[in-house]
Structures are given as structure tokens and as C-alpha cells.
Amino acid sequence: MALSKDFTNTIRALGNLSAELEIIKGLTFKTVIGLDRSFSTRKSASSRDLRTNATFNKGRLYLNENQVDNRLWENYFTFKKTFGKVDVNALLGYSYQSFGNSFSNIEMTNFRTSNLDLMINNYASVDVRAGNSIVPTNSGDTKDELQSYYTRVQMGISDKYLFTATVRVDGSTRFGGNNKYGVFPAFAFKWRLIDEDFIPKNIFTDLNLRLGYGITGNQEIPYFLYLPRERYADWDINNEGNLAGGGLDRVTNENRNLKWESTAQFNAAVDFGFWNNRVTGSLDYYHKTTNDLLSLTVFAQPAPAGNAFVFRNIDADIINSGVELSLNVVAVDKADFRWNVGGNMAYNKNLVKRLDGSFDTGAINGQGLTGAFAQRIAAGQPLYAFFLRNFGGFDANGNSIYPEGDRQQFSGRSPLPKVTMGLSNDFRYKNFDMNIFFTGQFGQYIYSNTENAFFTAGALAGGRNVITKVVGNGEGLLNAPDVSTRFLQKGDFVRLQNVTLGYNMNLNNKIISSLRFYLNGQNLFVITKYDGQDPEVSVNKQINGIPSAGIDYTAYPRARTFTFGVNARF
């Protein structure tokens, strides 16, 4: 007999309606209305015959309802005209978007029946005389709105010099006061050098120069957090069928000066092609500066309230600069066999500037590690720079040696990779196709909170299992597990991310137009010297809302998966 049932039912409607009018030759107006609505219910029931503390002789039913109402209204004018050798394409528009979501959760217990269908479909089977039998645990109704005005002008001269200029003015209900709107301009220029007489056509088949500068905005925070708000904390029914938890909490402090985070980026790039474009690629230099960072800060509140938080803009610059190289090579191009190689490699340097003070993050968990942390954000350092004691081995008594003193300091190491790469090989032989894709990251470090907490001589003395390198390493049983470079490792890796083998059948069928069988494998192997479960890890070890990166703490490694599938078109 089944002792539990859990099912979800979702109804979703998507719709778009558009109309276009040509006002005069070359000038058109278009309006678009879009709608995305869904209603979802989930019912999860456990019989009173299920022998757990939460359900035995009581039963339990969870009811969840969620509604989504997203809307779009967009209007824009388009102007296209040629003046001699000059082509002009201009656009002027307005856009409004709303994102609505409402939800409610109800929990029931003390059922008079073990029949799951009756529990789910007949709520009268709840014994309301028992008390606390039907409890609304949480509900809410949110709505975000985004209003935008935008214009774009593209101009081409003799198909050789291409100019693009855009300006967006975006307003969001996530910001308050006079800061709801942000202005984000951008400019781009492309010069088709291949069309110039001084470029040797026997060497290049394509050559372009690109320059660009633009500012983009970020509003990715929850809704209406510039206003002070309170809420009742979630209620729950405990194992005895009584209400547990709950209460009125302040969840946000006021910040009416909250505004858009902005990122200004400059790019200079060269696109090239050789040997009739059998070899193509681009070399791109970029310099990106992010300021007015949106950051969550937690404040302790007097009892009985919990911890409230506030989103604010940090007055600092986060600078990323580097180069990116991408190449695509048609290695073999025959009638029955084709081999294409695509690769990219990027070098990035990250630096924090103009930050007044510092922020500690990267909380380290474990016995004897209360209040410990491993990272600090400060000017002159990369983001999430490791802030550690410099470990120098063990002394004759088995205690840690710190040559530069028993104090934390910047280690000169970062969890952010300096070099990233990707390599893809595509093969096609008659009806067979295969793709092999590698990824890699280099120059980053990982702090193993797992080793710090569990794999020390003290843990061994306590009867815990440890890794082999702990045994006989000279550490004393009473040595303190201080946060130090002892637990810092290189995180370089190369991963075979994806392999797909497919076969396309030749069909002469009026019903099925195409049929393809494929076998896919993901995360097939990793080459790394990191001795943890997975070098591509970043457990959330934030402190007071300041995020962290590159810390491993009992993280479950990503799965190796195999998929067999069939694609058919009718």
C-alpha cells in the first residue's frame, strides 16, 4: 500500500499579439503585447500509517499554490533609408514589463483516515477538534515593474565603416526615490579592413577592426527592498501536531538612496580569416569597471526580532581586464567527412579599487573554528582574496609554525581563475556526428574547509576517519586547526565536459521527416591535482550577506550522466 503521494499540476498560457504599420516609405511603427500566465498546485500527502514522528497516527498534507502573471508591452518606430553611400537604420522605442507572483502554503495534520485520496480531496477528513490541524504557513504577493525608453542609430558608409550608438533609460521599481531610473549609453565602431587596398588579399580573406564602449545596469535584487518591511516568519506544525516557529520580524531596513549598479566596458578587437576562411577567429581586449555595487548587509536586531538586512550601493570599483582569443579551424572538409575544431582562451585580471575599509567573508565551519573566516575584500586585492596565516609546517611538538607570525594576512592567492579555456571538436562522417568538448580553468586556488574541519590530527584523535596524508605528517594531537595556507590548494583542472555521438537516419517517409538517435555523456573525467571531490566548487560561505568564492565544504561532486535520446520531426 502506498503511504505517500506527491503530484504537481501546472497550467500555463503564453500569448503574443503584434501589429505593424508603415507610416511612410522607410518609417514603420510596431506594437507588441505579450502575456505569460501560469497556475500551479502541488499536493503532497503522507499517510497516518507511515511510521515517522511527523506523521504516525496523524498524517500530513502540504498544499502549495503559485500564480505567475508576466506582461509585456513594447512600441517602437523603425526608420531605414539610404543616402548615397550612407545607410541609416534608426530605432526609437518604449517598453513596459511587469512580473507578478503570488503564492500560498497550507499545512494540515490530524487526519481521521489513512486513505491518501480522501486526505488530498476531502479536507473534512481533518479532525479540527485536535487543534492546530490546519495552518497557513506562508503566503505572499509580489510585483516588479520595468519601464524603458531606448533609441539606436546604425550608420554604414560604403559597407566599410559601421557605426552604432544606443541609449537606454531604464526605470525599475526595485529602487527608490529619484534613483529608479538609470541611463545607459553605448557606442560601437567596425572598420572592414579587408575592403582596403593595402590589405594583402593573398594572406587575409577577412579582416575587421572593432571598438566599443558601453554602460550596462544591474537590478538583480529582490523587489521593494529600499523600503522598511516586516513579516511574520513561517509557521510550522511540529512532530506533536503543535505550532512551531513563527513571529513578527523586521526583514529590511530603509534605504531610499538605493540605485542601479553599473558596469562600463571598453573593447578593442580584431576579427580575421585565412585560407578562404578555413581558419577564422578574433582577438579581443577588454577593460570593465563595475561600481555602485549592490550588496546585502545584515544587521543584528534587539530581541525578540531576528536579523534584518539592507541592500546598499558600495562605493568601490571592481575592475576586470584581459584578453580573449577564439579560433575556429576547418581541419578536414570532404564530401563524406568533416572535422571542425573550435577553441577559446581568456586571461582575466581582477582588482578592487576605491574601497573604504574592508569586508570579511568566507566563513569557516568546524570544531574550534567559531567566528573563523578565510577571505577579505579590500582595495588593491582581487575579489575574495584569501586572508590566511602563512603555514610553515610543524615544530618538534607537532604545533603549526607560522614564519610571519600567528596572524592572518593576504596570501597573494585568489579563488578567481586567471585563465579559462574551451576546446570543441566536431566530426561528421556520412550520417554519423560527434562532438567532444573540454573546459579548463587555471590560476585559481581552493580553500578546503572540509580538511580544516575534519582531516587533522585532532580529528584522528577523536576517532574520526581522516585522509591518509594526515597520518604521520608530524602534527600533534592537540594542535589547533587554525585557518591557514595549510588548507589552500591549486584548483587548476581540465574537464571532459561533454561528448555526444549521433546518427541521422535516411528516411523516405511522409509522416516522419527526420529521425536522429544520440548518446550523450557529461562530466566524463577531470584532470586535476586538487585532492577534494571536485575542483569546480564554490559553497556559499557568506558573512553578513557578503558573498564568498572558492571554498569547499562537504560539497557533493557533480554527477557523471549518460543520456540516450531520439529526435523526431513529423
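We did not get these values from a lab; they are worked out from the coordinates using the rules stated. None of these values were measured; they are calculated from a predicted model. Reconstructed Cβ throughout: ideal geometry from the backbone, glycine too, with neighbour counts over all protein chains shown.
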For the chain, with the dipole built from +1 on Lys and Arg beta-carbon atoms and -1 on Asp and Glu ones, taken about the Cα centre, which of 128, 186, 409 lies farthest toward the positive end?
-> 186
Where does each of 275, 260, 339 land when they are ranked from fewest to most other beta-carbon atoms within 10 angstrom?
-> 275, 339, 260
Cα centre as origin, Lys/Arg/Asp/Glu Cβ charges: the chain dipole, Debye = 1000
Using a cut-off of under 16 Å, list every residue of region 483-514 whose amide N is near the label point 7 Å from the Cα of residue 401 along the Cα-to-beta-carbon line.
-> 485-486
C-alpha center-to-center spacing [region 393-432, region 40-98] in angstrom | 39
Taking a straight Cα-to-Cα line shorter than 23 Å from residue 201, and setting aside same-chain lysines fewer than 8 residues away, one finds 160, 190
The computed P(r) of the chain puts the percent of Cα pairs beyond 36 Å at 60
HN-Hα J couplings of region 551-557 from phi, Karplus 6.51/-1.76/1.60, θ = phi - 60°, integer Hz, Gly and Pro as x?
-> 10, 9, 9, 6, 6, 7, x
Radius 14 Å from Cβ of residue 408, net charge of other residues (Lys, Arg +1; Asp, Glu -1) | +1
Calculate for the chain the 222 nm mean residue ellipticity that helices alone would give, adding -39,500 (n - 2.57) per DSSP H run of length 4 or more and normalising by residue count, nearest 500 deg cm²/dmol.
-> -500 deg cm²/dmol
Between residue 341 and residue 106, what is the spin-label point distance in nm, taking each point 7 Å from the Cα along the Cα→C-beta axis?
-> 6.4
Toy charge model, Lys and Arg Cβ at +1, Asp and Glu Cβ at -1: region 112-176 dipole around Cα centroid in debye, rounded to 20, equals 140
111, 184 arranged by Cβ crowding within 10 Å, fewest neighbours leading | 184, 111
So what are the ³J(HN,Hα) numbers for region 100-105, from phi and the Karplus equation (6.51, -1.76, 1.60; θ = phi - 60°), rounded to whole Hz, Gly and Pro as x?
-> x, 8, 10, 8, 8, 10
Stretch residue 277-residue 38 to full length: gain in nm at 0.36 nm per residue minus the Cα-Cα span?
-> 81.3 nm
What are the aspartates and glutamates whose alpha-carbon lies under 20 Å from the alpha-carbon of residue 180, with same-chain residues fewer than 8 places away excluded?
-> 74, 144, 145, 170, 220, 254, 261, 292, 315
Run down the lysines and flag those whose C-alpha is under 30 Å from the C-alpha of residue 469, throwing out any fewer than 8 positions away in its chain.
-> 418, 490, 529, 541
Point-to-point label distance, residue 25-residue 53, nm (Cα→Cβ direction, 7 Å offset) | 8.3
Would you mind computing, in nm to one decimal, how far apart the modelled labels at residue 123 and residue 556 are, each placed 7 Å from Cα along Cα→Cβ?
-> 3.3
Can you sort 61, 519, 296 so the residue with the fewest Cβ neighbours within 10 Å comes first?
-> 519, 296, 61
Expected unfolding gain across residue 323-residue 142 under the 0.36 nm per residue rule, minus the alpha-carbon gap, is 61.0 nm
